[in-house]
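Novice: Got a structure for you, written out below as structure tokens; questions coming shortly.
The values are calculated or read from the model by the stated rules, or taken from the named source; none is laboratory data. Here the structure is a predicted model, which means the values were calculated and not measured. When we count neighbours, we look across all protein chains shown, and the Cβ atoms used for this are built from the backbone with ideal geometry, even at glycine. Just so you know, the surface numbers come from the protein's heavy atoms only, side chains and all, with ligands and any DNA or RNA stripped out. Shrake-Rupley method; radii C 1.70, N 1.55, O 1.52, S 1.80 Å.
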Amino acid sequence: MIKKLTRIIAIICIIALLCSNAFAAMDASTMINSYDTDARHTGGGTISMLVSVFAKDYMDELGASNIFVYEKVGSAWIIYETFTKSDNGMMSSDSAMHDDYVTCNAYTGGEFKVQIVIFATNYSGETDSRSETHYVYT
């Protein structure tokens, strides 16, 4: 009975390892090596949003193409503020790394959803992007 249980556990572990490798391959990029985003309430209703992207090589543009901040009103999410790549802290040019914060002046006592769209554009004009969503209570 113990041998059978050990074999079943070993098979489950192997399947789990294979599945995680398959999902990692779907997330792989020819331009983006790694990225990190975050959104946090930093006091007084202010939301600080992290945009951190590391490219595999130097890129023409690298960072966040858009940040969408939604406010929860009743049961609906309504756009509160939008940031584009031309706003301060959103992107770097001719770089292999971008790491900066963008701030949104909200209000205390709100519920917000922040969608950060990171991107990389190489010198040939090809673009790759990823999106992450964060929820913030102020």
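Novice: Looking at the structure I just gave you, is Gly63 without any contact (Cβ under 8 Å) to a residue 24 or more places away in the chain and either closer than 16 Å to Ile32 by Cβ or not polar (S, T, N, Q) (or both)?
Specialist: Here the answer is no, as Gly63 does not meet what is asked.
Novice: Same structure again: Check Ser65, Ser93, Ser124, Ser131 and return the single one that is open to solvent by 80 Å² or more (accessible area, probe 1.4 Å), at pLDDT 95 or above and out of contact with any Cys (no Cβ under 7 Å at 6 or more places or on another chain). Break it down stepwise before answering.
Specialist: On the way: Ser65 fails: open to solvent by 80 Å² or more (accessible area, probe 1.4 Å); Ser93 fails: open to solvent by 80 Å² or more (accessible area, probe 1.4 Å); Ser131 fails: open to solvent by 80 Å² or more (accessible area, probe 1.4 Å).
That would be Ser124, the only listed residue that is open to solvent by 80 Å² or more (accessible area, probe 1.4 Å), at pLDDT 95 or above and out of contact with any Cys (no Cβ under 7 Å at 6 or more places or on another chain).
Novice: Can you name the residue in the range 104-121 that is open to solvent by 30 Å² or more (accessible area, probe 1.4 Å) and of a type outside the set (Ser, Thr, Tyr) and, of all such residues, is nearest to Asp60 (Cα to Cα)?
Specialist: Result: Gln115.
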